[in-house]
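The values are calculated or read from the model by the stated rules, or taken from the named source; none is laboratory data. Quantities reported herein were computed from a predicted structural model and do not represent experimental measurements. Quick reminder, even Gly has a Cβ in these numbers, built from the backbone with ideal geometry, and neighbours come from all protein chains shown.
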């Protein structure tokens, strides 16, 4: 085999390895569309119709109220603007758009923009690499009193330390809602390949990684009264309600590009 052929094979191998890694950087901005009901027959927005340049993970709730989430992964606010303009010009009765079902009318949808909080997440690089392979998400929603961000930051640091101490296999990403929800709202997204990490969490940490529990264990003076509410949800990833690029789907192309569940639906495909 000649040197040229060897070099070509090496380059192809390296390219294949890079592709297999999928995502490596934490998305700095998320836009989440949270819609009541799980009876939709496609993505929440007509991404295919406008050829949107964004990866979107669609999910449905398996605990709590029936609802559908679309998580858009953005790098800049300019991307959100471009997508908004494109969608605004798309007819609402477009063929690629999932029409509302009766259960969708029960409550209004909520669209939120979130910013990543560096230093608060647990093993964020592992979490982002799991995004394309995730089958479930554990979602925690916290709402703090105005001005309590420093307290929550301390709670998150204690929580991260507690999870490290038991080597908990449940990496996550922490985001702050900057638009679309009450001030002081934070969302923790933990992508999971299966629900087994929850078994491990219960065994290793009885209240697995509740920030206030970790704070109490550490003897901190941060008051529970600074937290207004918390909500935990389990979500199932739905390929038929997602819209992802080949670079995203390469980690598991059969899951993302094949038929979804038993409904025979195929996902919208980002070109």
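Structure data summary
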{"read-out": "Filter result for residue 231 (touching a strand residue (DSSP E or B) at 6+ places or on another chain (Cβ under 8 Å), modelled with pLDDT of 80 or more and assigned by TED's automatic domain parsing to the domain that holds residue 147)", "value": "yes"}
{"read-out": "Options 105, 113, 44, 71: the member that is surrounded by 18 or more Cβ atoms within 10 Å (Cβ to Cβ), closer than 23 Å to residue 233 by Cα and modelled with pLDDT under 90", "value": "44"}
